[in-house]
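Here is the structure we will look at.
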Amino acid sequence: MNSEHLLLIEPLLGGLLCGFLPKVRLRRMVLVLFALGHFALTLVCVAKGSDAHPGNLIGLDALSLLFLLIVSGLFLPASIATVRYLSQQEEKVSSRTLFSRESIFTGSLLLFLFAMTLAILSRHIGLFWMAVEGTTLASAPLICYHRSPQTLEAAWKYLLICSVGIAMALVGNIALMVAAAFDPALEGLSLGFTNLLQHAGQLQPVWVKISFVFFLVGYGTKMGLVPMHTWLPDAHSEAPSPVSALLSGALLNCAFLGIIRGNMLLGAVGQERFGQELLLFFGLSSMLVAGMFIIRQTGYKRMLAYSSVEHMGILAVALACGASFGGMYHALNHSLAKGALFLTAGVILSRYRTKNIDEVTGILKTRPIIGTLWILGFLAICGVPPFSVFGSEFMIMTGLATSGNWVALGLMLLALGLVFVGMAALMPRMAYGTPPATLPEAAPAKPVDWILPALLLGMSLLLGLWIPEPIHHLIQSAALQIGNG
Amino acid sequence: MITQLLTAAILLLTLQMLGSARLGRLIHAVALQAGAMILLGLFSVPEWPNWHEGLLIAVTAGLKCAVFPFLLFRALRETVVHREVEPLIGYARSLFIGLILLGSGLWVANRLPLPPGGIEPFQLAIALTTMGAGFVLIVGRVKAITQTIGYLVLENGIGMLGFALAAGSPLFIELGVLLDIFVGVFVMGIMMLDINREFDHMDTDKLSELRDV
């Protein structure tokens, strides 16, 4: 048993435990403790560095280390925020009995972590696919925690659209099997990522291209690329805010990992141009459509969700233009900033009891620190220096310029401008002004409300000013892995 | 010979589902089609599956041909008042789309390089048609239960594609299909009941509270 196995067993055990524990306080403690344990294990793995044996089904390469750090690092604050969220809900939802809604919720949360960890660790296309499927299964109960008509609608759309997406990804897997079936020398080849890359020369290129298209559509659905993104705004706005933070900052990245792996294989068979064009198309259309929907948005959680669509588009563009370092750096930066914003949005929602932008004014007066964080978060997500999103977006645009793709660069600037204008018109307005007269009774504020988002934003600021050596190394080796194929 | 008959049966069931107006008949057809798909897989693999694969195939067959029809019929009894399909895309138009799908499937299948091992292009074409029909049922029908059935049709198509193309590793496809099914039916089934309880209906075209513009 090594640390990779522990990384998987730990959240699985915690999830099952949470499902069966009858005591509320104990269950919440288990949630946070297991999140902490997972993070500690992740740090141990990061310190140890990558070791992936080609024959193994699971293992950590440079890419998985970076994504593992993002997921686990975001899960810890989200789990603490979840405990805070649940303690505010007590009167509404029964939480005491065995198999209560809350025990299923906390259990699903840890199983969700398990599925994401499995997706990141898997070294086999089939295992990766199953893990991504598992994330859908584990996160659907998280979205409809409240069983209101809206949450059910969101969860139904999420399940149906993501299941169809995952079915498309299965077709991608089948296409890869076919690609390996042409050369008799490959008979019985295990479809591990390393194996496939090593034997790329013997694969049938047309079928590798077909598989990439299906991976892009299938995992792209999960990642929220336009036009397969339609589940995303609903799920993100209806889910409890810590869950939205996880969906946006952790889950979308896991799906992106699948597209990265498919793209590496495409490069190995010498078809990178095909992948670049597709990625550029999906990436730019995601950014532009997200920009248009942000401009006319009325709900602030929906607005953040569309911003996630935009940033996933940026990641796809980064992969297309070969700005691997910028892309990996951006994945990290987006998760930090978006995690902070969703957690802040959760506090705003619990104070104002509305998701409508128009009904929220004067956050700076009602909750000064939260209002400040909201404005800082706006600056961070829009890529205003010195926040780190600026640095990574700049690198990606430089990548577009050096590859000579001026049209794409122009469109990306246009989309970034649209998003900035849209968010600038909506977000600061909520912080300034006088609070509405009909403001509901204030629940007691706790420091944990602002400490968590402030920590995440602080890290985004720090990364913008200076990337510490270990993190730089982590991003660099992940980018090198993508570049080398 | 028998594989050709089974393939033809799958195609006919696909077309029947596109034109069918009764929910009960739709459930029967999707279960029958799953049976035909699994038999086709058994007849087209080069050697008889070992006990491990055999067990998985048996479980899949049991789920697809017995458990899911049962669950779907129960959902039908408990939740659906009108047993009509209620199409957004009419039956004739659906059938026409099916024919177009078949035509384009044949065109694609004849142009693709196929791996050695006796795979017929028309099987690939029919698998693609069935997948497409699944999409039509998901997009073009009102009720949540029809969308679930459409998803199962999509699964049948993918299962046939996997058997027809990648006969070498049925185990892995089966695992995938099983897992897919769990989401597809158990979770969707539970949710259908929930939606029904909250809204007093299962018509997804009325699930339109969440949207932009």
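The values are calculated or read from the model by the stated rules, or taken from the named source; none is laboratory data. Keep in mind the model is a prediction, meaning the values are calculated, not measured. Glycine also receives a Cβ, built like all others from the backbone with ideal geometry; neighbour counts cover every protein chain displayed. We work out accessible area using only protein heavy atoms, side chains counted, and drop any ligands, DNA or RNA first. Shrake-Rupley method; radii C 1.70, N 1.55, O 1.52, S 1.80 Å.
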Residue pairs within 9 Å by beta carbon, gap of at least six or interchain, first lying in the stretch A:391-402 and acidic (Asp, Glu), second surrounded by 18 or more Cβ atoms within 10 Å (Cβ to Cβ), listed first then second, are A:Glu393/A:Ile314; A:Glu393/A:Gly326; A:Glu393/A:His330; A:Glu393/A:Asn333; A:Glu393/A:Gly383; A:Glu393/A:Met412; A:Glu393/A:Leu416
List pairs: first residue in the stretch B:101-128 and within 13 Å of chain A (Cβ to nearest Cβ), second residue surrounded by fewer than 13 Cβ atoms within 10 Å (Cβ to Cβ) and in a loop (DSSP other than H, G, I, E, B) anywhere in the structure, Cβ distance under 8 angstrom, at least six positions apart or on different chains.
B:Gly117/B:Pro46
All but one of (1) away from chain B (no Cβ under 13 Å); (2) open to solvent by less than 30 Å² (accessible area, probe 1.4 Å); (3) of a type in the set (D, E, K, R) hold for A:Arg84, so report the exception by its number.
(2)
Please list, ordered by residue number, the helices (runs of 4 or more DSSP H) wholly in the stretch B:1-99 having 1 or more residues that are over 18 Å from B:Asn156 (Cβ atoms) and modelled with pLDDT of 90 or more.
none
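Hey, could you check the stretch A:393-415 for residues that are touching a Gly at 6+ places or on another chain (Cβ under 7 Å) and in a helix (DSSP H, G or I) and say which is surrounded by the most Cβ atoms within 10 Å (Cβ to Cβ)?
A:Ile396
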From the list A:Leu288, A:Leu332, A:Leu379, A:Leu364, exactly one residue is within 24 Å of A:Leu246 (Cβ to Cβ), open to solvent by 10 Å² or more (accessible area, probe 1.4 Å), in contact (Cβ under 8 Å) with a residue 60 or more places away in the chain and in a helix (DSSP H, G or I). Which is it?
A:Leu332
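Evaluate the stretch A:336-345: report whether one residue or more is surrounded by fewer than 22 Cβ atoms within 10 Å (Cβ to Cβ) and either assigned to a loop (DSSP other than H, G, I, E, B) or modelled with pLDDT of 95 or more (or both).
If we filter the stretch A:336-345 for residues that are surrounded by fewer than 22 Cβ atoms within 10 Å (Cβ to Cβ), which is where we start, we get none.
Scanning the stretch A:336-345, I find no residue that is surrounded by fewer than 22 Cβ atoms within 10 Å (Cβ to Cβ) and either assigned to a loop (DSSP other than H, G, I, E, B) or modelled with pLDDT of 95 or more (or both), so the answer is no.
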Output the residues belonging to the stretch A:231-243 that are more than 14 Å from chain B (Cβ to nearest Cβ) and part of a helix (DSSP H, G or I).
A:Ser241, A:Pro242, A:Val243
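Which is open to solvent by 10 Å² or more (accessible area, probe 1.4 Å) and not basic (Lys, Arg), of A:Ala138, A:Ala154, A:Ala115?
Values: A:Ala154 fails: open to solvent by 10 Å² or more (accessible area, probe 1.4 Å); A:Ala115 fails: open to solvent by 10 Å² or more (accessible area, probe 1.4 Å).
Unique residue meeting the criteria: A:Ala138.
Please go through the stretch A:127-149 and pick out each residue that is in a loop (DSSP other than H, G, I, E, B) and either over 15 Å from A:Trp231 (Cα atoms) or facing chain B (nearest Cβ under 7 Å) (or both). If you could, list the steps in order and put the result at the bottom.
Taking the stretch A:127-149 and keeping what is in a loop (DSSP other than H, G, I, E, B), we get A:144-148.
Across the stretch A:127-149, the qualifying residues are A:Tyr145, A:His146, A:Arg147, A:Ser148.
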Tally time: how many residues in the stretch A:160-193 are open to solvent by 40 Å² or more (accessible area, probe 1.4 Å) and assigned to a helix (DSSP H, G or I)?
3
What are the residues in the stretch A:428-476 that are in contact (Cβ under 8 Å) with a residue 60 or more places away in the chain, charged (D, E, K, R) and open to solvent by 80 Å² or more (accessible area, probe 1.4 Å), if any?
A:Arg429, A:Lys446
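So which of B:Leu95, B:Leu106, B:Leu102 is under 19 Å from B:Ala9 (Cα atoms) and open to solvent by less than 50 Å² (accessible area, probe 1.4 Å)?
Values: B:Leu95 fails: open to solvent by less than 50 Å² (accessible area, probe 1.4 Å); B:Leu106 fails: open to solvent by less than 50 Å² (accessible area, probe 1.4 Å).
Unique residue meeting the criteria: B:Leu102.
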Just give me the residues in the stretch A:194-230 being surrounded by fewer than 24 Cβ atoms within 10 Å (Cβ to Cβ) and within 10 Å of another protein chain (Cβ to nearest Cβ), in sequence order.
A:Gln204, A:Pro205, A:Val206, A:Ile210, A:Thr230
